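Input: a single structure, listed below in structure tokens.
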Amino acid sequence: MLNLVLFGPPGAGKGTQSQKLIDKYGLIHLSTGDLLRGEISQGTELGLEAKKLMDEGLLVPDAVVIGMISNKLDANKDAKGFIFDGFPRTVAQAEALDTLLESKSSAISGMVALEVDDDELERRLLLRGKDSGRPDDADPAIIRKRIKEYNDKTKPVAGYYKNQNKFTSINGIGSIEEIFSAIVAVIEKY
Ligand code: ADP
């Protein structure tokens, strides 16, 4: 199985690259952001709770996203592999993911991190906000809060995979095709 964690700050291009990787490798895309937005649009209780935090640029509780990922793994037992996008976002989530995969006799193949500087991120997110309709993309103060949450809580997740010798970082600035080729080159070595 190919189980890839695509890592990087908000606006790094994880969603764009995930789509291309799915097409090439036939993987299942698990984006906790998309799953949470799905809950919000269905008006579930989970969605209502998550929305308050998401609109503030804060992370939702670990237990919530771990539960959603667990359900998706169970629902896709015959998958060739998964792309985890926007998850794990805390070390506790990374540990939980390892436990979930171990219980299915599987494991993470590796993490690929997209490196993009903060100024470029803010520029991309504000641009995306013009047509994404996402409240968390519309306000520079919220964008900065998301980048701060990333620096405080999510960056340490890279260290978690470095310790397991599963970490590779690539330049997230360049054309979509250039970045895609760099990711594919990493995957081909797994
Ligand atoms: P981006 O890649 O632009 O950060 P996402 O769609 O991945 O956007 O996430 C949007 C919001 O959803 C986050 O700011 C956070 O509130 C919430 N979220 C998504 N994934 C997680 C997660 N794994 N843990 C906690 N909160 C999450």
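The values are calculated or read from the model by the stated rules, or taken from the named source; none is laboratory data. It should be emphasised that the depicted structure is a prediction, and the values quoted were computed from it without experimental measurement. In this analysis, Cβ positions are derived from the backbone assuming ideal geometry, glycine residues included, and neighbour counts consider all displayed protein chains.
Data table
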| quantity | calculated |
| --- | --- |
| Residue within segment 131-147 that is closer than 19 Å to K14 by Cβ, of a type in the set (G, A, S), buried (at least 17 other Cβ atoms within 10 Å of the Cβ) and within 16 Å of the ligand (Cβ to nearest atom) present | no |
| Residue, farthest from the ligand (Cβ to nearest atom), within segment 70-90, restricted to residues that are part of a helix (DSSP H, G or I) and touching a helix residue (DSSP H, G or I) at 6+ places or on another chain (Cβ under 7 Å) | L73 |
| Qualifying position, being in contact with a Phe, Trp or Tyr (Cβ under 6 Å, 6 or more places away or on another chain) and either over 13 Å from M111 (Cα atoms) or among the hydroxyl-bearing types (S, T, Y) (or both), among Y150, Y161 | Y161 |
| Test set (1) farther than 23 Å from S175 by Cα; (2) within 14 Å of the chain's Cα centre (by Cα) - S41 fails condition number | (2) |
| Cβ pairs under 7 Å, 6+ apart, first in segment 57-77 and in contact (Cβ under 8 Å) with a residue 12 or more places away in the chain, second away from the ligand (no atom under 14 Å from the Cβ) | L73/K104; N76/I28 |
| Evaluation of R124 against (1) away from the ligand (no atom under 12 Å from the Cβ); (2) within 17 Å of the chain's Cα centre (by Cα); (3) more than 29 Å from L2 (Cα to Cα); (4) charged (D, E, K, R) (one fails), failing number | (1) |
| Test: K72 is under 22 Å from G133 (Cβ atoms), surrounded by 15 or more Cβ atoms within 10 Å (Cβ to Cβ), of a type in the set (K, R) and modelled with pLDDT of 95 or more | no |
| Candidate set: segment 34-53, residues that are under 16 Å from D85 (Cα atoms) and buried (at least 20 other Cβ atoms within 10 Å of the Cβ); chosen: the one farthest from the ligand (Cβ to nearest atom) | L35 |
| Top-ranked residue of segment 83-118 - restricted to ones that are in contact (Cβ under 8 Å) with a residue 60 or more places away in the chain and of a type in the set (S, T, N, Q), ranked as surrounded by the most Cβ atoms within 10 Å (Cβ to Cβ) | Q93 |
| Any pair with Cβ under 8 angstrom, 6 or more apart, that starts in segment 141-155 at a residue that is within 17 Å of D62 (Cβ to Cβ) and ends at one that is of a type in the set (S, T, Y) and within 11 Å of the ligand (Cβ to nearest atom) | K153/T90; T154/T90 |
| Verdict on A107 being aliphatic (A, V, I, L, M) and farther than 24 Å from S169 by Cα | no |
| Pairs with Cβ under 7 Å, 6+ apart, first in segment 31-43 and within 19 Å of S70 (Cβ to Cβ), second among the acidic types (D, E) | S31/D85 |
| Meets criteria (part of a helix (DSSP H, G or I), more than 10 Å from the ligand (Cβ to nearest atom) and at negative phi) for Q93 | no |
